[in-house]
Amino acid sequence: MEAAIGFVVAHGDAVERARLSWLRNGTPVPAELLETAEVGQSSDGGWPATWGGEVASIDATCFRLAELDDLGALGRPAARRALDWLASRQQADGGWDEDASLAGSAPEWARPGDPEAKLFVTANAGFWLTVAGLDARASGPLDHRVGGAYAGVVQAAAHSIAGRIRPDGSWPSFLAAGWLSAAVLHRQDMFHESARIQVVLAERMAAMSPGDVAWLAATLRRVGIDAQDWVMVRALRRLAETQRSDGGWESDDGHQFDVHTTLSAIRACRPVTVA
């Protein structure tokens, strides 16, 4: 971890170094850096994707929430507006889908109307509403149910996800939908359904990229799955095997995102407290 920390310090920008400080020590982040991380938010509460023009995207909004989580900023007004926007976009079946106007520009994992993409964005939105719900009090008084003010939303999301999981634990969607789904189901005490997915994830672990393993491990830790749990042990072992000599991990999206991937690995290894 010391090598990973050194990599972020050497190669990260100001916001990424602030994320590191928060993850390591809970160091308060200067207001101007928080505002930089929040820039570009739409008036409706979501964030547009770089590929989507001005239309807010579920995928892009979840990515921004992940950055704000690393800055200890999920309780700020920008994050609360984003969470409220996500909740408002839930469909009657408990799932989410990107805006139809994005069909011509969205990547395959966020393509509106595609069932595989719908499961991914449902798991992603459900995950962030689950873990951030107790920090987001804009929708009502503090609520100690899972998901807090969004308890009903995340419960419906979990049932929508569970209905798509195959008997063998696999899922008809992208790889990341697996660990996001497992996390949502785990926090809803749907342990059997979550465990079936985790078995499949463990079987696929050896073939996963470092970026995927870091994301998987950070996601499961964020919902309180213990670092000594068997799937986490495998993930952390895989991270140890794939760490580069410079301390960082390689991103699937190009070297400009290596710091982001390394921060995910650091997040996966830090102690967490789940409300």
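The values are calculated or read from the model by the stated rules, or taken from the named source; none is laboratory data. Quick caveat, the model's predicted, so the values are computed rather than measured. Because the Cβ atoms are built from the backbone with ideal geometry, glycine has one as well, and the counts that use them run over all protein chains shown. Just the protein is used for accessible areas: all its heavy atoms, side chains included, with ligands, DNA and RNA removed. Shrake-Rupley method; radii C 1.70, N 1.55, O 1.52, S 1.80 Å.
Give the residue, chosen from Leu20, Leu34, that is in contact (Cβ under 8 Å) with a residue 12 or more places away in the chain and open to solvent by less than 10 Å² (accessible area, probe 1.4 Å). Answer to the check: Leu20. With respect to (1) of a type in the set (Asp, Glu); (2) buried (at least 18 other Cβ atoms within 10 Å of the Cβ); (3) under 20 Å from the mean Cα position of the chain (by Cα); (4) modelled with pLDDT of 90 or more, the lone exception for Glu108 is condition (2).
The residues listed here are Leu236, Leu220; of these, the one that is surrounded by fewer than 23 Cβ atoms within 10 Å (Cβ to Cβ), without any contact (Cβ under 8 Å) to a residue 60 or more places away in the chain and over 18 Å from Ser251 (Cβ atoms) is Leu236.
Every condition in (1) touching a Ser or Thr at 6+ places or on another chain (Cβ under 8 Å); (2) at pLDDT 90 or above holds for Trp51 except the one numbered (2). Looking at this structure, is Ala92 part of a helix (DSSP H, G or I) and either open to solvent by less than 20 Å² (accessible area, probe 1.4 Å) or out of contact with any Ser or Thr (no Cβ under 7 Å at 6 or more places or on another chain) (or both)? When the stated conditions are applied, Ala92 does not pass them. Comparison of Asp252, Asp189, Asp168 shows that the only residue that is surrounded by fewer than 14 Cβ atoms within 10 Å (Cβ to Cβ), part of a loop (DSSP other than H, G, I, E, B) and in contact with an Asp or Glu (Cβ under 8 Å, 6 or more places away or on another chain) is Asp252. Does Leu175 fit the bill of being within 30 Å of Thr262 (Cβ to Cβ), under 14 Å from the mean Cα position of the chain (by Cα) and surrounded by fewer than 21 Cβ atoms within 10 Å (Cβ to Cβ)? Spelling it out, Leu175 is indeed within 30 Å of Thr262 (Cβ to Cβ), under 14 Å from the mean Cα position of the chain (by Cα) and surrounded by fewer than 21 Cβ atoms within 10 Å (Cβ to Cβ). Quickly run through the stretch 57-116 and pick out the residues that are closer than 29 Å to Ala18 by Cα and charged (D, E, K, R). Asp59, Arg64, Glu67, Asp69, Asp70, Arg76, Arg80, Arg81, Asp84, listed by residue number.
Scanning the stretch 53-70 for residues that are buried (at least 22 other Cβ atoms within 10 Å of the Cβ) and not in a helix (DSSP H, G or I) yields Ala56, Ser57.
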